[in-house]
Amino acid sequence: MPKDLSNDEFAATLSRIAAALERLAPTPPKTPDPATAAAFIWNAQARRLEPVAKVNRVDIDLLRGIDQTRDILIDNTRRFAKGLPANNALLWGARGMGKSSLVKASHHLVNEESGGKLKLVEIHREDIEGLPQLMTLIRAHAGLRFIVFCDDLSFDANDTSYKSLKAALEGGIEGRPVNMIFYATSNRRHLLPRDMMENERSTAINPSEAVQEKVSLSDRFGLWLGFHNCSQDEFLEMIEGYARHFKLKVKPEEMRAQAIEWATTRGSRSGRVAWQFVQDLAGRLGVKTEG
């Protein structure tokens, strides 16, 4: 303390400095109340939930060619929303067949049935290591139910963050919060590339144990829901369903011929390709499909 200042003057000076520094510091963002929105994005850096004003989703009735898978996931989601036993779910398989669309549509359907108590939280693949912090936040809101959703989940060689996911889903002292369930989509059934597993097998002292360590990640998901490439009939059924929903005035035989040509030029048939064709068709007919 400077010799020319009394204790009271010195304390007053420190208070003014502290007040000035507080004014200069940025105001920390407020953590939104999870009850105020239906869906959120997990901001791992700020360790907070960012509300999503409008979820990009497709109506459940427009998802075609996946009836059995749809019913299984909806039933699992309903049981979870009611506080009954339910499983983590891995939706794996062909690209563009509605894996993420089904998760979002199932959440919307069941959330409306449950009076808004079911929340959807998307966590990005690169933020998986921050899952324990998200789980801590979820535990603090025991009156709500949370689906934590990771789209296009997979792991590459030298990536060890899959161990964080394994521990978060079932391991650890606390375990997974009772008001949380984990849904993920992936093109890989075991979430890990085959060459990564084969490399573990060839270089490990005990190959079978090394492979089991990585395959066991998928075992954390009680539901494995497979999505496979659709047939031409299923592809056309999807398009006809969209056309009826959006009231597209076009001759059925003309639409079918255009749809087949559209799929041929892209070399694949899937729900995504069907939706892209309908967007093109609706645009040509001057019909809006959004809003």
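The values are calculated or read from the model by the stated rules, or taken from the named source; none is laboratory data. All of these numbers come straight from a predicted model, not from anything done at the bench. FYI the Cβ positions are ideal-geometry reconstructions off the backbone, even for glycines, and counts take in every protein chain you see.
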Check: How many residues does region 47-65 hold that are within 16 Å of the chain's Cα centre (by Cα), within 17 Å of A140 (Cα to Cα) and not aliphatic (A, V, I, L, M)?
Finding: 1
Margin query: For region 74-123, give me each residue that is surrounded by fewer than 22 Cβ atoms within 10 Å (Cβ to Cβ), among the hydroxyl-bearing types (S, T, Y) and touching a Ser or Thr at 6+ places or on another chain (Cβ under 6 Å).
Written below: S100
Next item on the list: Could you tell me whether region 261-284 includes any residue that is without any contact (Cβ under 8 Å) to a residue 24 or more places away in the chain and surrounded by 16 or more Cβ atoms within 10 Å (Cβ to Cβ)?
Entry: yes
Note to self: Against the definition (modelled with pLDDT under 70, small (G, A, S) and surrounded by 14 or more Cβ atoms within 10 Å (Cβ to Cβ)), how does G130 come out, yes or no?
What the structure shows: no
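Consider I123 carefully, then state whether it is at negative phi and touching a Cys at 6+ places or on another chain (Cβ under 6 Å).
In short, yes.
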Next item on the list: Hey, can you tell me all the residues within region 139-156 that are more than 11 Å from the chain's Cα centre (by Cα) and closer than 22 Å to L91 by Cα?
Entry: R145, F146, S154, F155, D156
